[in-house]
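The values are calculated or read from the model by the stated rules, or taken from the named source; none is laboratory data. Quick caveat, the model's predicted, so the values are computed rather than measured. Here the Cβ positions follow ideal geometry from the backbone for every residue, glycine too, while neighbour counts run over all protein chains shown.
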Amino acid sequence: MVRGKFITLEGIDGAGKSTHLGWLVDYLSQRGLRVVATREPGGTPLGEKLRALLLAESMHVETEALLMFAARREHLDKIILPALEQGDWVISDRYSDASFAYQGGGRGLDREKLETLEAWVQGGLKPDLTLLFDVPTELAHARLALAGNEPDRFEREQQAFFDRVRRAYLDRALREPRRIIRIDGTRSLAEIRAELERVLEALWR
Ligand code: ADP
Ligand code: TYD
């Protein structure tokens, strides 16, 4: 059995991840692949309960990081690893890069602590490909305001917070340029999809 590929979508809130997730699932399914779409925090019944707490309750930054990784442990065990092992592809709306960007960059938690949690929870497992949807914070904010949904605890943060999160994501992309591909999310959906098709081609080889 050939192991499936693991793709994660990242970016600040409003960057376009959820919009592209559905298209990616359709695109890969049309190529005959079995695709599992999931999200973090969440993806399992327990993980979704942790998500509800994380998006609503104020808490210490270390509690926040520990709960993100607790939900991830469950997600790996129940969804991600079984799917990959049976040859399915997994696309997750966010994964560990979000912890480094939000809890690390946004909230200032030490990178070493996050690396310890990452090693504990994931061992060596990293995504095969991470698509980083990158937009200026003002544009992301304007798009979310236009969509008109009630903002959650993270979305209510100030622009300076999202500037730090964005910078942390871009720093990670510079450190791991083969895995993390920056996608300019300011363009039209059609232009972005054309680029996604080109990027995905590299995974068939
Ligand atoms: P995320 O999941 O990253 O928070 P969404 O996919 O929910 O972001 O997108 C936020 C809003 O921006 C949605 O209303 C979506 O329709 C809109 N949007 C996403 N990408 C684009 C784009 N390239 N051009 C115009 N609007 C977009
Ligand atoms: P998301 O599903 O992108 O929110 P939405 O459904 O509104 O698009 O993610 C929920 C929030 O959780 C998002 O603001 C980022 C945050 N988050 C972290 O802070 N750390 C993490 O490790 C993860 C996975 C998410």
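Tell me whether region 142-156 contains one or more residues that are in contact with a helix residue (DSSP H, G or I) (Cβ under 6 Å, 6 or more places away or on another chain) and within 22 Å of residue 42 (Cβ to Cβ). Give the steps one after another, and end with the answer.
Initially, region 142-156 is screened for residues in contact with a helix residue (DSSP H, G or I) (Cβ under 6 Å, 6 or more places away or on another chain), giving 152-153.
Now restrict to residues that are within 22 Å of residue 42 (Cβ to Cβ): 152-153.
Within region 142-156, one or more residues are in contact with a helix residue (DSSP H, G or I) (Cβ under 6 Å, 6 or more places away or on another chain) and within 22 Å of residue 42 (Cβ to Cβ).
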Residue selected from region 9-58 under the condition part of a loop (DSSP other than H, G, I, E, B) and of a type in the set (Asp, Glu), by the criterion farthest from ligand 2 (Cβ to nearest atom) = 57
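Among the residues of region 102-114, which ones are within 16 Å of ligand 1 (Cβ to nearest atom) and closer than 24 Å to residue 77 by Cβ?
102
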Report whether or not residue 115 is surrounded by 20 or more Cβ atoms within 10 Å (Cβ to Cβ), within 29 Å of residue 160 (Cα to Cα), of a type in the set (Asp, Glu) and within 18 Å of the chain's Cα centre (by Cα).
-> no
If you go through region 118-147 one residue at a time, how many are charged (D, E, K, R), surrounded by 16 or more Cβ atoms within 10 Å (Cβ to Cβ) and more than 15 Å from residue 10 (Cβ to Cβ)?
-> 1
When residue 17 is evaluated against the numbered criteria (1) among the basic types (Lys, Arg); (2) under 19 Å from residue 127 (Cβ atoms); (3) surrounded by fewer than 20 Cβ atoms within 10 Å (Cβ to Cβ), which criterion, by number, is the only one it fails?
-> (3)
Looking only at region 137-149, decide whether some residue is under 18 Å from the mean Cα position of the chain (by Cα) and under 25 Å from residue 28 (Cβ atoms).
-> no
All positions within region 115-139 that are within 17 Å of residue 21 (Cα to Cα) and either within 16 Å of ligand 1 (Cβ to nearest atom) or modelled with pLDDT under 95 (or both) = 130, 131, 132, 133, 134, 135
Under the condition of being over 19 Å from residue 91 (Cβ atoms) and within 16 Å of ligand 1 (Cβ to nearest atom), which residue from region 169-205 is nearest to the chain's Cα centre (by Cα)?
-> 170
What tally of residues in region 180-205 results from selecting those that are surrounded by fewer than 16 Cβ atoms within 10 Å (Cβ to Cβ), in contact (Cβ under 8 Å) with a residue 40 or more places away in the chain and not hydrophobic (A, V, I, L, M, F, W, C)?
-> 4
Of the residues 22, 14, 47, 4, which single one is more than 15 Å from ligand 1 (Cβ to nearest atom) and within 28 Å of residue 190 (Cα to Cα)?
-> 4
